[in-house]
Structure formats: structure tokens, C-alpha cells
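Below is one structure; the comments refer to it alone.
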Amino acid sequence: MAPALRHPRKKKPGRPKTRKTTTCWRCHLKLSTSKKLKQHLLRKTGCGPKAVALQKERRKFASRLTSKVYSIKRELDKVGWWEAEAKSEDEDEETKDDCEDEDMEDAERVPVNVWVTAPDNLKRAKALARVDWSTIVDLR
């Protein structure tokens, strides 16, 4: 049994009767402090079943868009060309100093071809992914 207070304080009007709640009334999430509850309620993305469903739909759309973008980029990257790789003069001088063997120098003179694609393929793919093809192509 708890000890009785000798001078119990009088209850003032307006004092909090209970502790501040830490449970969100919309999504029923239990937070550690009431301050975190306030921050949770002030977030731009809402909580609750409707807001969560909207977030899931947005994530799904973003995922589909990114996969579409990268598939279009992959197709654009297939359309490239072979180009001889250019060496700088500094590299040529260093290699001549390092190796005096003529066979090695002949091997270095062989041109190296590199597959080159357009540098802005990602931008083009993003633009193509956002186009609504049903409005452009009429399939009647």
C-alpha cells in the first residue's frame, strides 16, 4: 500500500487529467513521444488507409516508369557505332620511353575500337517514357 500524503495538493482547474496521447488517431501508429506524434501528423504525406493506398499507387507508377525508361535506354544503347579510341600524346610518349622493344610498339599501334552510344540516351528515354502513345497512335 502506498504511503498517504500528509498535505495533498488541491487539484487546479485546467491541469491535464491524463498524459498526452502518443497514438495516431488516423493510422493507429504508436509513437514514443507526443512530439513525434505532432511531427507525424504534420508530415506532407498523410497517414491513414487512403493516403497509404495513394502512396502505394505512386510508388508502383514510379517503378513502372523507371523500368520503362531503362528498357527504352537499353534499346537506344543498342543503336550505336564503332569508333577508334583516340590516345593522348602524353600516353604515347610514356609508352615509348617504357618499352624499347619494336614488337611491343607494333602491338600498341593496333587501333582499339570502342562501342559508342549517344550521351543523352537517358534523357531521350525519359522523354519517350512520358509520352502517351495512345493519343499519338490511333489504332482503329
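When each of T22, T45 is tested for being modelled with pLDDT under 90 and of a type in the set (S, T, Y), the lone residue that passes is T45. For L29, the requirement of being surrounded by 12 or more Cβ atoms within 10 Å (Cβ to Cβ), modelled with pLDDT of 85 or more and of a type in the set (A, V, I, L, M, F, W, C) is met. Of everything in the range 35-57 that's under 27 Å from R19 (Cβ atoms) and basic (K, R), which residue is nearest to the chain's Cα centre (by Cα)? Out of the qualifying residues, it is R43.
The values are calculated or read from the model by the stated rules, or taken from the named source; none is laboratory data. All figures in this text were calculated on a predicted structure; none of them were measured in a lab. Heads up, the Cβs are rebuilt from the backbone with ideal geometry, glycines too, and the neighbour counts pull from every protein chain shown.
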